[in-house]
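Worksheet: the structure to be examined is printed underneath.
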Amino acid sequence: AELRAPPDKIAIIGAGIGGTSAAYYLRQKFGKDVKIDLFEREEVGGRLATMMVQGQEYEAGGSIIHPLNLHMKRFVKDLGLSTVQASGGLLGIYNGEALVFEESNWFIINVIKLVWRYGFQSLRMHMWVEDVLDKFMRIYRYQSHDYAFSSVEKLLHALGGDDFLGLLNRTLLETLQKAGFSEKFLNEMIAPVMRVNYGQSTDINAFVGAVSLSCSDSGLWAVEGGNKLVCSGLLQASKSNLISGSVMYIEEKTKTKHTGNPTKMYEVVYQIGTETHSDFYDIVLVATPLNRKMSNITFLNFDPPIEEFHQYYQHIVTTLVKGELNTSIFSSRPIDKFGLSTVLTTDNSDLFINSIGIVSSVREKEDPEPSTDGTYVWKIFSQETLTKAQILKLFLSYDYAVKKPWLAYPHYKPPEKCPSIILHDRLYYLNGIECAASAMEMSAIAAHNAALLAYHRWNGHTDMIDQDGLYEKLKTEL
Ligand SMILES: Cc1cc2nc3c(=O)[nH]c(=O)nc-3n(C[C@H](O)[C@H](O)[C@H](O)COP(=O)(O)OP(=O)(O)OC[C@H]3O[C@@H](n4cnc5c(N)ncnc54)[C@H](O)[C@@H]3O)c2cc1C
Ligand SMILES: CC(C)=CCC/C(C)=C/CC/C(C)=C/CSC[C@H](N)C(=O)O
């Protein structure tokens with residue numbers, strides 16, 4: 001197909017994994033001559049951030065990556081980064097009174113314990129998640145053939161039809177209850193996984209529920225040195241220009257270009273310190289959640305006006321504590337026989353934590369060495385900031401506690417209506433995909449999709465957008 005001259009300038013707002021991978025894919029599609037400006041008001045990496053504690057760095061936000069997250073895998077390979085194993089150690093589940101489940105070192109014992117307590121529900125749950133993941137994996141084939149989607153709903157529909165899209169409209173609880181899972185299994189095995197991963201209950205949508213449950217698979221990994229290295233690597237590889245400023249307004253204006261032609265462009269107004277600047281762009285990608293609290297970007301004078309987004313993001317606090325765990329809260333076993341390195345919790349309003357687990361620093365290749373003094377670095381997720389009294393309840397003694405509050409991921413409340421990807425002619429929004437599920441890979445998928453969509457719409461390739469029957473069409477192609 002014929003190509004129009006590439007755009008002169010593209011702006012991306014937000015240098016998290018979404019914005020930096022968008023820069024990478026836009027460079028691939030539009031070529032070397034396009035100027036790409038990437039705006040970031042805080043740190044490159046966004047929600048992939050680390051916390052420094054006594055000279056060691058720990059993941060504070062997005063930590064674990066699934067072995068089938070192929071974009072993340074590809075970035076790490078292309079950027080020459082190394083990986084570390086992200087899970088290990090034994091897990092227990094606490095209901096506020098006792099441990100209702102405790103993993104053992106022996107695989108066979110775990111199988112027997114699970115079958116004894118829940119029958120074959122664990123296996124059936126894995127099969128359900130695998131079925132969702134199988135369909136989800138189709139996105140990589142579509143994107144490798146350059147196909148793009150104009151809405152999150154159309155993207156999901158192309159992966160698995162009405163049933164797949166339906167996962168957005170039902171709660172995980174309803175879906176698994178209908179599939180015959182017991183109350184006991186849902187409360188003791190499923191709810192704790194939703195609490196640790198999304199700080200929410202089984203009332204989240206069934207798609208994000210499946211994504212969350214996929215974290216129980218083996219082979220989870222992270223980037224050695226910190227997941228945010230992927231963002232700085234992509235920024236560099238894309239040869240984009242980082243502008244450390246906060247975008248305040250975007251407005252469509254007519255501008256006379258160097259060719260002498262009046263052209264519709266987007267003016268991006270941003271602040272660096274107390275100074276206000278502005279620049280004009282042919283295409284703009286917004287790669288940050290659009291709401292007042294998180295990005296505070298105003299769209300001026302658009303006709304029709306750009307809808308206001310009010311998606312509520314879940315408040316979560318990450319606390320890192322180096323100390324000796326008060327294991328007697330969870331178990332009557334002597335401290336040296338406790339053996340668990342992660343405790344998840346059931347939905348119980350008396351509990352002030354969602355989870356607690358030993359963490360390795362971003363440079364440790366293996367699980368932490370057994371401690372000689374009984375102290376480890378523990379990561380705690382809680383709904384609210386922990387008080388000193390609460391920390392003292394959890395630990396016999398501690399050296400330090402550091403906290404980071406987040407507006408972490410959407411508060412899921414199915415049925416979900418995802419925000420538009422195309423906000424205006426050449427103005428695109430990536431983070432609407434989080435309404436289906438928030439994860440690093442989801443932002444990378446949204447970034448690839450938006451780069452392809454921007455490219456095809458720029459060149460008038462409508463046949464590459466929202467194609468029906470892609471699965472059948474591409475089944476036989478390599
Ligand atoms: C505690 C926690 C744990 C998580 N764990 C995992 C996990 O284990 N695995 C996983 O896959 N995912 C995990 N996630 C989710 C994952 O981190 C996010 O889905 C992903 O990082 C989102 O990336 P993003 O680039 O879309 O958005 P962000 O990372 O939020 O990037 C947006 C960027 O835009 C910038 N910005 C905002 N407004 C403006 C403005 N006006 N001007 C300029 N810049 C602006 C922000 O500063 C930010 O850097 C976790 C998230 C949290 C918070
Ligand atoms: C997108 C697909 C198919 C899979 C992604 C699975 C995945 C890694 C989801 C992560 C979900 C998430 C928001 C986890 C947060 S907590 C993670 C961890 N337990 C921690 O200790 O930080």
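Can you tell me which residue is nearest to Ser21 (Cα to Cα) among those in segment 58-71 that are part of a loop (DSSP other than H, G, I, E, B) and more than 6 Å from ligand 1 (Cβ to nearest atom)? Restricting to residues being part of a loop (DSSP other than H, G, I, E, B) and more than 6 Å from ligand 1 (Cβ to nearest atom), the top hit is Asn69. A residue that is surrounded by 22 or more Cβ atoms within 10 Å (Cβ to Cβ), of a type in the set (Ser, Thr, Tyr), at pLDDT 95 or above and under 30 Å from Trp221 (Cα atoms) occurs somewhere in segment 440-458.
Yes or no, residue by residue, for (1) touching a residue at least 12 places away in the same chain (Cβ under 8 Å); (2) among the basic types (Lys, Arg); (3) buried (at least 20 other Cβ atoms within 10 Å of the Cβ):
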| position | (1), (2), (3) |
| --- | --- |
| Thr256 | no, no, no |
| Gln271 | yes, no, no |
| Thr274 | no, no, no |
| Phe280 | yes, no, no |
| Ile283 | yes, no, yes |
| Pro289 | yes, no, yes |
| Tyr313 | yes, no, no |
| Asn326 | yes, no, no |
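For segment 14-57, the set of residues classified as open to solvent by less than 10 Å² (accessible area, probe 1.4 Å), at pLDDT 95 or above and assigned to a strand (DSSP E or B) consists of Ile36, Asp37, Leu38, Phe39, Gly45, listed by residue number. When the residues of segment 412-437 are filtered to those that are under 19 Å from the mean Cα position of the chain (by Cα) and open to solvent by 70 Å² or more (accessible area, probe 1.4 Å), the one that is farthest from ligand 2 (Cβ to nearest atom) is Lys417. Name the pairs whose Cβ atoms lie under 9 Å apart, with the first residue in segment 81-97 and without any contact (Cβ under 8 Å) to a residue 12 or more places away in the chain, the second assigned to a loop (DSSP other than H, G, I, E, B) and surrounded by fewer than 19 Cβ atoms within 10 Å (Cβ to Cβ), and 6 or more positions between them or separate chains? Here the result reads Glu97/Asn348, each pair linking segment 81-97 to a residue that is assigned to a loop (DSSP other than H, G, I, E, B) and surrounded by fewer than 19 Cβ atoms within 10 Å (Cβ to Cβ). Ser214 falls short on exactly one of the conditions (1) within 28 Å of Val317 (Cβ to Cβ); (2) open to solvent by 50 Å² or more (accessible area, probe 1.4 Å), and that condition is (2). On the stretch given as segment 97-124, residues that are under 16 Å from Thr346 (Cα atoms), open to solvent by 40 Å² or more (accessible area, probe 1.4 Å) and of a type in the set (A, V, I, L, M, F, W, C) total 1.
Okay, residues lined up against (1) within 14 Å of ligand 1 (Cβ to nearest atom); (2) in contact with a Pro (Cβ under 9 Å, 6 or more places away or on another chain):
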position	(1), (2)
Asp303	no, no
Tyr312	no, yes
His315	yes, yes
Asn326	no, no
Leu340	no, no
Phe352	no, no
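Checking Ser151, Ser238, Ser232 one by one, the residue that is closer than 30 Å to Gly31 by Cα, in contact with a Lys or Arg (Cβ under 7 Å, 6 or more places away or on another chain), modelled with pLDDT of 95 or more and not aromatic (Phe, Trp, Tyr) is Ser238 and no other.
The values are calculated or read from the model by the stated rules, or taken from the named source; none is laboratory data. As the structure is a computational prediction, the values presented were derived from the model and not from experiment. Cβ sites come from the backbone with ideal geometry, for glycine too, and all protein chains shown count toward neighbours. For accessibility, only protein heavy atoms count, side chains too; no ligands or nucleic acids. Shrake-Rupley method; radii C 1.70, N 1.55, O 1.52, S 1.80 Å.
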